[in-house]
1. Quick check on packing: order 119-127, 40-48, 195-203, 178-186 by the mean number of other C-beta atoms within 10 Å, highest mean leading.
2. Along the range 134-142, what does the Karplus equation 6.51 cos²θ - 1.76 cosθ + 1.60 (θ = phi - 60°) give for ³J(HN,Hα), rounded to whole Hz, x for Gly and Pro?
3. Find the Rg to Rh ratio for the range 108-248, where Rh is the Kirkwood radius over alpha-carbon pairs and Rg uses the same atoms.
4. Subtract the Cα-Cα distance of ARG148 and GLU160 from 0.36 nm times their separation in residues, and report this length gain in nm to one decimal.
5. Looking only at the chain, where both bridge partners belong to it, what percent of the DSSP beta bridges are antiparallel (to the nearest 5)?
6. Measuring from the lowest to the highest alpha carbon on each principal axis, how far does the range 82-141 reach, largest first, in angstroms?
7. Any chance you could tell me what percent of the C-alpha pair distances in the range 165-245 go past 16 Å?
8. How much length is gained if the chain between ARG168 and SER286 is pulled fully straight, taking 0.36 nm per residue apart and subtracting their Cα-Cα distance, in nm to one decimal?
Amino acid sequence: MTAPDRYAVAGNPVAHSRSPHIHSLFARQTGQTIDYGRLLCPLDGFVPEVKAFAASGAKGCNVTVPFKFEAFQLASRRSPRAELAQAANTLRFDPETQGGWLADNTDGVGLVRDITVNAGVPLAGRRVLLLGAGGASAGVLGPLIEARPAEIVMANRTVEKAQAIVARHADWAAQHGVRLSARGLADAGTGTGFDVFINGTAASLAGSGVPVGPEVLKPGCLALDMMYGPAAQAFLDWARAHGGVARDGLGMLVEQAAESFAVWRGVRPDTAPVLADMRALVDAASAH
Ligand code: ATR
């Protein structure tokens, strides 16, 4: 019997990651045999750690905070969506004879799929507010544009960071007929409210609440935090209190994992049963 193909999630910290569980569910469902673990990398030692993992025969890895930018730099080939994000959450260790390592970013497509398929909320023609201009928000802007909303506003505490990311995506937005602009937090809600509000900031983690006013929400709009579990709770409570339909980042997590699985294994798992399983797990953990 040959040994299973090996993968891992590389990050720091990484002990909390749900990715090994998600990928084991995908593998079982698709009848594939893989071994998916955790790779804790020193903050100044991501590159040697991942190179050693690949040299040991592993086939690829997911990459999480804070190494997504380094992962992007490391690969010899990059998908167009990784190029736009300038960050990668997926590496495939293809041999040099096949072009070398591929860097991809599946976060954005995972988010779009969670919104349009799992939540059943269309993005085409809608107004979208994307809060934050860190790695999480930058990573999803390209695929959000591809979903062709009428408008995307990227709002951030440090407006210059949002302006730089918006400038990098300007051509992409023009090609897709999307009005794209950057704002500070104070004028994030200027004009009519938004149909979809996505929180990609670390504000909930910092315990400082939602950094914009409820005027950003149209009644019944979708308000999604990319985090899940206790880290997302304050945002979800706020969204519900102001008439929004609240959603956490668990669906995005499962969908980005499914896309990574497809990049590596050539088959896309059915995410619905896995999301249900994860929801039960996270709810049980939150109840303790
Ligand atoms: P990540 O890679 O997870 O996105 P990051 O790159 O550190 O993390 O980005 C964090 C984001 O949360 C940034 O948009 C940050 O705003 P600044 O660019 O102005 O720093 C935002 N953020 C963090 N704490 C915040 C707070 N208390 N209020 C508003 N925005 C906050």
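1. The packing order, highest mean first, is 195-203, 178-186, 119-127, 40-48.
2. In residue order, the calculated couplings are x, x, 5, 6, 4, x, 10, 5, x Hz.
3. 0.92
4. Extending this stretch completely gives an extra 1.9 nm.
5. Close to 15 percent.
6. That gives 44, 25, 16 Å along the principal axes, largest extent first.
7. It works out to 56 percent of all Cα pairs.
8. Computed gain between ARG168 and SER286 is 38.6 nm.
Values quoted throughout were computed directly from the atomic coordinates according to the rules given, and no laboratory measurement underlies them. From a predicted model like this one, the values you see are computed outputs, not experimental measurements. Ideal geometry is used to build each Cβ from the backbone, glycine not excepted, and the neighbour counts take in all protein chains shown.
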